[in-house]
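Trainee: Can you read through this structure? Questions will come right after.
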């Protein structure tokens, strides 16, 4: 499996969010701060260790990962 998801919460977000990982590296986070019908995607900032981040991925794979992550978040 090249991808993984982590549903979590922290002090930066009022609601639960889902992180997307590809080949063990962080790609993006989808939050539901504005509700399940207004999800937002956040990308890694410059403050993270570059070796833990994947900044390039096939568009089709990325779209599939985001779709799956959104479904998992909404199914919670």
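Throughout, read-outs are computed from the coordinates displayed, never taken from laboratory work. From a predicted model like this one, the values you see are computed outputs, not experimental measurements. FYI the Cβ positions are ideal-geometry reconstructions off the backbone, even for glycines, and counts take in every protein chain you see.
Trainee: Inside the range 1-14, can you point out the residues that are over 26 Å from residue 56 (Cα atoms) and surrounded by 13 or more Cβ atoms within 10 Å (Cβ to Cβ)?
Mentor: Residues satisfying the conditions do not exist here.
Trainee: Does residue 19 satisfy being under 11 Å from the mean Cα position of the chain (by Cα) and either in contact (Cβ under 8 Å) with a residue 60 or more places away in the chain or surrounded by 10 or more Cβ atoms within 10 Å (Cβ to Cβ) (or both)? It would help to see each step written out before you state the result.
Mentor: Numbers: under 11 Å from the mean Cα position of the chain (by Cα): yes; either in contact (Cβ under 8 Å) with a residue 60 or more places away in the chain or surrounded by 10 or more Cβ atoms within 10 Å (Cβ to Cβ) (or both): yes.
When the stated conditions are applied, residue 19 passes them.
Trainee: How about the range 22-50: which of its residues are over 13 Å from residue 4 (Cα atoms), over 13 Å from the mean Cα position of the chain (by Cα) and touching a residue at least 24 places away in the same chain (Cβ under 8 Å)?
Mentor: Answer for the range 22-50, where residues must be over 13 Å from residue 4 (Cα atoms), over 13 Å from the mean Cα position of the chain (by Cα) and touching a residue at least 24 places away in the same chain (Cβ under 8 Å): just 36.
Trainee: Okay, moving on. Could you list, in sequence order, the residues of the range 49-76 that are in a loop (DSSP other than H, G, I, E, B) and under 17 Å from residue 17 (Cβ atoms)?
Mentor: Answer for the range 49-76, where residues must be in a loop (DSSP other than H, G, I, E, B) and under 17 Å from residue 17 (Cβ atoms): just 76.
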